[in-house]
Amino acid sequence: MSRLVKDFTGIDHRSETAGLRENTRLVRGYSGVEERTGAVSTPIYQSATFVHPGFDRTTGFGYSRCGNPTRLELENTLAMLEHGKKAWAFSSGMSAISIAVKLFQPGDQILVSDDLYGGTYRLFNDYYYGKYGIKFDYIDTSSLPEIKNALKPETKAIFVETPSNPTMKVTDLQAVSDLIHGQNGLLIVDNTFLSPYFQKPVDFGADIVVHSGTKYLGGHNDVLCGFLVVKDESLIEPVFKASMAEGGTLDPFDSWLVLRSIKTLGIRLEKQQANAFEIYKFLKTSDKVEKIYYVGDPDHEGYEISRRQTTGFGGMISFSVKDAETVPDLLNHLRLILFAESLGGVESLITFPLMQTHGEIPEALRNKLGINDRLLRLSVGIEDAQDLIEDLEQALR
């Protein structure tokens, strides 16, 4: 029977791609060629339910909310790439984060990167704190002294975005994991901005890794999905129970779309990173730009930490212009770069965080972080770098 249709609780890292290099693993996925039919592309099991061959006998699948062979191949591939034990695919990144928070109890405290996606802030504050009594304290997780000062006996986890959204702060994952593990807490890392191609948080102590798979993993702005990966077997049962109760799992066709996209993750990210570096160099020369937030800048505060815990700087750049009036003027004059929310796709997208992705963040915190009426966030695509530079140049005139 094919590996695709076996019951499964945690991946075997001695899979058919073990020992191969990253781009080969991306192309082959967890199982490689489907054994029963020889299909090179993972089959789409577009079925809501599965027949049991007899009483007390099963193929390993019963109902697609609980498990689907196409989704399982995607989940196993993500667990393999993130060096985790088990992964789950959800209908959005927010669903994945919601499942992670369901592991905690009223009265628990979670320390959170203060610079993070506004939707995550809304989920934490409006729902899990406001309705369920889990406390979230927002701190600069790139500052170890600030973390140490914020730790309390009731601190059960630290939730980190690194690089952060949108000001690209870098958190030292190994140091933070040592701190939270010292009081038996969990480190949860949102790895959306770099993907497992450039960063594997589990290798630096993360217990849970989450993604908006819509972004780099999906990579084509055509699918909504999210992922949660756990490091240890002890977390499999509680996450499984929470995911079954909530039911926001990814459907078979979208699972297949992401499997297809993962095959090109490496070549896409390498091109996006190369383009981002060229755009960074251009922005440094612009008299309209006041500050650039880019992890690949050797003067970035987190540059050396990033070099230590990642294999690349990614394709995200934020920058502040000197005059707020430049923002609408630039956005109205761009011809190639698209003014839209989201990131990580093959098309370059530019976002105005103040009004789009971070509108939920309280004004005082936004001001502290520099999320103001002069900040723009650029997700660099795979177009020709010179075309992108020329588009920015003419829009900034």
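The values are calculated or read from the model by the stated rules, or taken from the named source; none is laboratory data. None of these values were measured; they are calculated from a predicted model. When we count neighbours, we look across all protein chains shown, and the Cβ atoms used for this are built from the backbone with ideal geometry, even at glycine.
Would it be correct to say that residue 191 is buried (at least 16 other Cβ atoms within 10 Å of the Cβ), of a type outside the set (Lys, Arg) and modelled with pLDDT under 95? No. On the stretch given as segment 267-282, residues that are surrounded by fewer than 20 Cβ atoms within 10 Å (Cβ to Cβ), closer than 18 Å to residue 388 by Cα and hydrophobic (A, V, I, L, M, F, W, C) total 3.
Exactly one residue out of 58, 24, 37 is within 23 Å of residue 249 (Cα to Cα) and either of a type outside the set (A, V, I, L, M, F, W, C) or modelled with pLDDT of 95 or more (or both): that is 58. Across segment 37-55, which residue is surrounded by the fewest Cβ atoms within 10 Å (Cβ to Cβ) among those that are out of contact with any Leu (no Cβ under 6 Å at 6 or more places or on another chain) and closer than 23 Å to residue 79 by Cα? Result: 40.
Residue count for segment 353-365, restricted to those that are surrounded by 20 or more Cβ atoms within 10 Å (Cβ to Cβ) and closer than 22 Å to residue 224 by Cβ: 3.
Please identify the pairs in which a residue from segment 169-186 that is over 29 Å from residue 370 (Cβ atoms) and in contact (Cβ under 8 Å) with a residue 24 or more places away in the chain has its Cβ atom under 7 Å from the Cβ atom of a residue that is among the acidic types (Asp, Glu) and crowded, with 21+ Cβ neighbours inside 10 Å, counting only partners at least 6 apart or on another chain. Every condition considered, the pairs that remain are 186/207. Here are some residues: 336, 376. Which one is at pLDDT 95 or above, within 18 Å of residue 297 (Cβ to Cβ), within 26 Å of the chain's Cα centre (by Cα) and hydrophobic (A, V, I, L, M, F, W, C)? Matching residue, one of 336, 376: 376.
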